[in-house]
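The values are calculated or read from the model by the stated rules, or taken from the named source; none is laboratory data. Just so it is clear, the model here is predicted, and its values are computed rather than measured. Neighbour counts are summed over all protein chains in view; Cβ atoms, including those assigned to glycine, are modelled from backbone coordinates with ideal geometry.
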Amino acid sequence: MESNKYLDDISQIKNMMSKSSRFISLSGLSGILAGIYSLIGAYAAHTILTDANYIAKPINRPILSYDVTEQLFIIAALVIVLSISTAIFFSKRKSKKSGEKIWDTTSKRLVVNFLIPLVTGGLFSLILIQKQFIGLVAASTLIFYGLACVNASKYTLGDVRYLGMANIIIGLVATQFIGYGLYFWALGFGVFHIFYGALMYYKYDRK
């Protein structure tokens, strides 16, 4: 009996240490919805690029006009805003249910470590657009987002690392298939997020 009590105490201590060092209020539902937003955004971007005769010309693609670039930027911004808003909403709901704070030292570290590679990648992608290296934009966003996930995984669920590594890999593969970046983008930000979100939901949220 004393041995079982000792093991239970150790288990509780480990649980408390894990909760204090990791932000565990991420919701699988937010991942699923982020993936859906990304797929809708990818479809909208594909439609715009097709109308601009960009996708229809695998060789000697025309330089994107300011209007087309602006439309793509708006789509990307909407996907990001919706994804972040959804993540905050479900994280708040999950943390409230478990009686935990959503904004503490751990969550601050998570955000900082996530944003450093993400903001760097965003600025790098804007430079690529400025220089009209459009074919590498999707690959670069996947790679830097993957790095952001890996970097932030130390402060949240370890499964986030695998999502990051998967995006890094397909981002690197996408660099070898210029012109098909949008499809890789839909795979990484869309399909992978839906798969990851569903896995996290069944693994953690249903408890």
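Being in a helix (DSSP H, G or I) and of a type in the set (D, E, K, R) is the filter here, so list the residues in the stretch 149-207 that pass it. Listed by number, the residues that qualify are K154, D159, R161, K203, D205. Within the stretch 134-165, if we keep just the residues that are farther than 23 Å from A76 by Cα and hydroxyl-bearing (S, T, Y), the residue that is surrounded by the fewest Cβ atoms within 10 Å (Cβ to Cβ) turns out to be Y162. Among the numbered criteria (1) surrounded by 15 or more Cβ atoms within 10 Å (Cβ to Cβ); (2) touching a Gly at 6+ places or on another chain (Cβ under 8 Å); (3) under 23 Å from I84 (Cα atoms), which one does K203 miss? So K203 meets the others, but not (1).
The rows are residues; the columns are (1) within 23 Å of I36 (Cβ to Cβ); (2) surrounded by fewer than 16 Cβ atoms within 10 Å (Cβ to Cβ); (3) touching a helix residue (DSSP H, G or I) at 6+ places or on another chain (Cβ under 9 Å); (4) free of Cβ contacts under 8 Å to residues at least 60 places away in the same chain.
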residue	(1), (2), (3), (4)
L78	yes, yes, yes, yes
S83	yes, no, yes, yes
S91	yes, no, yes, no
K101	no, yes, yes, yes
S107	no, no, yes, no
F114	yes, no, yes, yes
L123	no, yes, no, yes
I127	no, yes, no, yes
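Annotation: A148 fulfils all but one of (1) within 17 Å of S38 (Cα to Cα); (2) touching a helix residue (DSSP H, G or I) at 6+ places or on another chain (Cβ under 6 Å); the unmet one is (1).
The listed residues are T141, T120, T86, and the only one of them that is touching a Ser or Thr at 6+ places or on another chain (Cβ under 6 Å) and over 20 Å from G28 (Cα atoms) turns out to be T141.
Among F177, F144, F133, F195, which is the only one that is modelled with pLDDT of 95 or more and within 22 Å of A42 (Cβ to Cβ)? Outline the logic, then answer.
Values: F177 fails: modelled with pLDDT of 95 or more; F133 fails: modelled with pLDDT of 95 or more; F195 fails: modelled with pLDDT of 95 or more.
Just a single option satisfies the conditions, and that option is F144.
Within the stretch 40-62, residues that are closer than 20 Å to Q176 by Cβ have Cβ atoms under 8 Å from residues that are assigned to a loop (DSSP other than H, G, I, E, B) and at pLDDT 80 or above in these pairs: I55/G179; P58/G179; R61/G179, counting only partners at least 6 apart in sequence or on another chain.
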